[in-house]
Structures are given as structure tokens and as C-alpha cells.
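Below is one structure, written out as C-alpha cells; comments come after it.
Bear in mind that the values in this text are calculations on the coordinates, not laboratory data. Every value quoted in this text rests on a predicted model; they were computed, and no experiment measured them.
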Amino acid sequence: MIMTKQQFLSSTEIEVQTLEFWIEQQWLVPDRTAVDVTFSDTDVARAHLIRDLKGDLGVNDEGIDVILHLVDQLHGLRRAFAHLHRDIVPPSR
């Protein structure tokens, strides 16, 4: 689902300043339109992860950078393995 900035803020329960900081840090990279930015369900899940890491677990900004980088690498590897598996394993009949 694609959502506006206001819908995203409502869904994630974060403040505008927090969102702007997270975008500045490139922890969130929303799609940009001619008028505004839009967010996806993946962005919402990522925002909840960031909020939980910072709030519940007390992870500092440098730690957030490292964790998000590792999460992104993990997702990239999963995609690569899925493509490799699709290319190697013949379709079942």
C-alpha cells in the first residue's frame, strides 16, 4: 500500500522532526513525487524496527546505522539466493 506522509506519520506514531531526521540519515528512503513523498508498507515496518531499536533496546544512532545496513544486506542475500535457486532448480512437473 502506498501512503502519504500524513498517513505514514499516523501509522507509525512518530513526529515530523523524527521522520525528517530518519530520512536525512537515509534510514528511510521514501519515493519522491513531484508534490511530496510517499511511503510503503516496507517503510512502515522499517520505521517500527527503528523505533523499537531506539526506544525499547536503547540503540544509539551509530548502532541503528549498522543494524539497518546488516538488515539490508540480509534481504539482498535472500533475494540473490531466491534468484539463484530459481535459475538452478528445474520447475516441478
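Data for the structure
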| read-out | value |
| --- | --- |
| Overall Cα dimensions of the chain - principal axes, largest extent first, Å | 52, 33, 20 |
| GNM flexibility winner over the chain from Leu19, Leu77, Leu53 (Cα, springs under 10 Å) | Leu77 |
| Whether segment 20-67 is rounded, prolate or oblate, judged on the alpha carbon gyration tensor where a/c under 1.5 counts as rounded | prolate |
